Amino acid sequence: MQEILEKKQIKSIDFNCDLAQSFGVYKNDAEYELLDYVSSVNISCGFHAADPVAIKNALTEAKGRNIVIGAHIGFNDIQGFGYRETQLSEDEIEALVIYQVGAIMSFAKTFGLEIEHVRPHGAMYKQAATDFTFACSVAKAVKKCSPWLVYYGAAGDVTQKVGEHVDITVAQEIFLDKSYNSDGTVDFSAKDNSNLEFNIERLKRFLSTSEIDNNIGGKTIVNADTIHFANKYENSVEIIKTAKELVTPEPVNYIKVKNSGWV
């Protein structure tokens, strides 16, 4: 049964962005500019992006800023940057996920770090947002790596049910730049909107009422723990910098502990 959501004011939220979105000579040093404004990062694991040096540099940068780190997993698709759909069996999904998460977990340990979450990328993210069976397979594999890991997924009924079915902590994620359907799911067919005013007005509304505007001219209440900020726009830094002036981002696990009364 779908959760009945009510309007509420949002006082704490995580800001996340992707890191190590490069490979070999293809660099994306601009992504580091967002690190002063996020509370968590998703480090690519070498399948859709990142090589060992890029991963090492990303971990170093995140540690230096005391930012929570997570694994950014995807299909084995460097050429297509992980945006091409791939049909896999449950065994193949499990192996794919464990391989990538295990690599980042081991790498992080050499820096005295622990990863706290796992976020799918590209085609894997889209499939996990719309296909409950596939999302459960990914989440089960994440849980095998560690029962303490948080599974990041698109806000909505699918991610919520995955958390309940797999018995794994989930963080429901929204975007400021994407179009939303009336049921609160992402309209993946629509173009992203990087307009600063649009993004910030959407954030103000969400923080005030937990609503986002949808593609039929109305507003939809969403349950979200984290906001994803893209680093692909010329004004990406301006967007997230302005967003941080409205709310101070806090990591998902810290928010949960704080809400429990421990801190």
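The values are calculated or read from the model by the stated rules, or taken from the named source; none is laboratory data. Everything numeric in this text was worked out from a predicted model, so none of it was measured. Here Cβ is always computed from backbone atoms with ideal geometry, including for glycine, and neighbour counts include all displayed protein chains. Ligands, DNA and RNA are excluded from the accessible area calculation, which covers all protein heavy atoms including side chains. Shrake-Rupley method; radii C 1.70, N 1.55, O 1.52, S 1.80 Å.
Rounded to the nearest whole Hz, the Karplus-based 3J(HN,Hα) values (6.51 cos²θ - 1.76 cosθ + 1.60, θ = phi - 60°) of the range 180-194 follow the sequence 10, 6, 5, 8, x, 8, 6, 8, 5, 7, 8, 6, 6, 10, 9, with x at glycine and proline. Among complete DSSP H helices in the chain, those whose alpha-carbon atoms stretch at least 24 Å along the helix's long axis and whose mean Kyte-Doolittle hydropathy reaches -1.0 are 90-109.
Suppose every Lys and Arg Cβ carries +1 and every Asp and Glu Cβ carries -1, with no other charges. What dipole size does the chain come out with about its Cα centre, to the nearest 20 debye?
Details: 26 positive and 36 negative charges, 106 e Å.
Charge dipole, the chain, about its Cα centre: 500 debye, nearest 20.
With both residues required to sit in the chain, DSSP beta bridges show an antiparallel share near 15%.
Apply the a/c threshold of 1.5 to the C-alpha gyration tensor of the range 141-209 and tell me whether it is rounded, prolate or oblate. Prolate is the answer for the range 141-209, as a/c is 1.5 or above and a/b outweighs b/c. Here the 3J(HN,Hα) profile of the range 31-48, calculated from phi with Karplus coefficients 6.51, -1.76 and 1.60 at θ = phi - 60°, is 4, 5, 5, 7, 5, 6, 10, 9, 10, 8, 10, 10, 9, 4, 9, x, 8, 8 Hz, Gly and Pro shown as x.
Over the range 82-179, accessible surface divided per residue gives 43 Å², non-protein components excluded, 1.4 Å probe.
Given a 1.4 Å probe and every protein chain left where it sits, what share in percent of the accessible area of the range 198-263 is carbon and sulfur? Present the calculation step by step, with values, prior to reporting the outcome.
Values: 1650 of 3330 Å².
That fraction is 50 percent.
Computed from backbone phi with θ = phi - 60° and the Karplus coefficients 6.51, -1.76 and 1.60, the 3J(HN,Hα) list for the range 149-154 is 6, 9, 9, 8, x, 4 Hz; x is used for glycine and proline. The alpha carbon gyration tensor of the range 211-263 gives principal lengths a ≥ b ≥ c with a/c of 1.5 or higher and a/b no greater than b/c, which makes the shape oblate.
Taking the range 117-228 as the region of interest, the number of lysine pairs whose Cα atoms are within less than 30 Å, with members eight or more places apart or on different chains, is 23. When a/c reaches 1.5 or more, the comparison of a/b and b/c decides; with that in mind, is the chain rounded, prolate or oblate per its Cα gyration tensor? It is rounded, given that a/c, with a ≥ b ≥ c, falls under 1.5.
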